[in-house]
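Worksheet: one structure, shown below.
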Amino acid sequence: MLKAAVLLLCASVAYCAQPKGIDVSSHQPSINWATVKANGVEFAYIKATEGTGYKSPQFNPQYTGATQQGIIRGAYHFALPDRSSGAEQARYFLSNGGGWSNDGITLPGALDIEYNPYGATCYGKTPSAMVAWIRDFSNTYQAKTGRPPVIYTTTSWWQSCTGNDGSFAATHPLWIARYASTVGALPAGWGYHTIWQYADKGPNPGDQNYFNGDTAGLKRFAKG
């Protein structure tokens with residue numbers, strides 16, 4: 001996910017009261033989930049796939065480890081819109097751990113759509129083509145699971161690469177990345193965020209997050 005050399009342990013008393021979460025990938029190969037749980041982490045997003053040719057070798061042990069500790073968990077997919085269609089990538093994600101069920105401990109799958117680590121910032125797509133790609137992924141995912149995916153992004157990328165499209169905001173939970181003392185401005189249409197990734201390091205493995213609500217709200221979000 002987005003990287004920056006910022007460490008923010010707690011922005012305010014209000015944020016500290018919100019459920020803490022982490023997101024992890026193969027960059028965190030050895031996680032002591034019992035310690036993570038003892039540190040107060042209530043939810044976790046775990047990288048499952050990227051494009052249509054990569055599944056994290058750590059996905060299964062990380063997902064199982066979180067589950068065994070009673071941590072509400074879900075999977076995320078790193079989008080590569082220049083490699084294949086949104087539908088193809090959604091199907092690959094769904095086939096490799098990205099599904100959702102209303103068991104109360106599974107978060108809806110998340111689409112990580114952000115700066116291209118391998119080339120052009122917007123993957124060579126116009127804003128309208130990018131919006132169409134995201135819609136293709138979303139429609140395919142929702143048709144299978146009954147829920148739209150969470151969208152993980154940054155405001156600056158969304159503005160640049162979708163033309164600040166506001167058409168997803170009414171139906172798609174927003175997971176915003178901003179390494180600062182506040183969430184800041186959100187992409188068009190969203191009046192609030194669901195998850196805030198506020199730092200890329202901290203007391204727990206991986207990136208550090210807050211859920212925008214309380215524990216009961218987090219459980220309702222998982223349940224759908």
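Please treat every number below as a calculation from the coordinates, not as lab data. It should be emphasised that the depicted structure is a prediction, and the values quoted were computed from it without experimental measurement. Neighbour counts are summed over all protein chains in view; Cβ atoms, including those assigned to glycine, are modelled from backbone coordinates with ideal geometry.
Data for the structure
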quantity	calculated
Whether segment 149-224 is rounded, prolate or oblate, judged on the alpha carbon gyration tensor where a/c under 1.5 counts as rounded	oblate
Using θ = phi - 60° and Karplus 6.51 cos²θ - 1.76 cosθ + 1.60, couplings along segment 183-196 (whole Hz; Gly, Pro as x)	5, x, 5, 9, x, 4, x, 6, x, 7, 9, 9, 9, 10
Gaussian network model of the chain, Cα within-10 Å springs - most flexible of Ala34, Ala48, Ala75	Ala34
GNM result for the chain, Cα springs below 10 Å: residue of Ala90, Ala177, Ala38 fluctuating most strongly	Ala38
Extension reserve of the Ala120-Thr182 stretch, reckoned as 0.36 nm per residue once the Cα distance is removed	19.5 nm
Dipole magnitude of the chain, debye to nearest 20 (Cβ charges: Lys/Arg +1, Asp/Glu -1, about Cα centre)	300 debye
Loop-located trypsin sites (Lys or Arg not before Pro) in segment 159-224, at most 10 other Cβ atoms within 10 Å (DSSP)	none
For segment 152-162, 3J(HN,Hα) per residue [Karplus equation, 6.51 cos²θ - 1.76 cosθ + 1.60, θ = phi - 60°, Hz, x = Gly/Pro]	9, 6, 10, 4, 5, 5, 4, 5, 6, 9, 10
Separation of the Lys219 and Thr64 label points, Cα + 7 Å toward Cβ, nm	2.7 nm
Surrounding net charge for Tyr76, when Lys and Arg each add one and Asp and Glu each subtract one, Cβ distance under 9 Å	-1
DSSP bridge pairs, segment 19-223: antiparallel proportion in percent, nearest 5	30 percent
Among Thr154, Thr121, Thr106: highest mean-square fluctuation, GNM of the chain, C-alpha pairs under 10 Å	Thr121
Alpha-carbon spread of the chain, three principal axes, descending order, Å	45, 35, 31
Neighbourhood net charge (14 Å Cβ-Cβ; Lys/Arg +1, Asp/Glu -1) for Pro148	+2
Computed helical MRE - 222 nm, the chain, DSSP H runs ≥ 4 contributing -39500 (n - 2.57), nearest 500	-8500 deg cm²/dmol
Gained length - Ser85 relative to Ala17, 0.36 nm times residue gap less alpha-carbon distance	20.5 nm
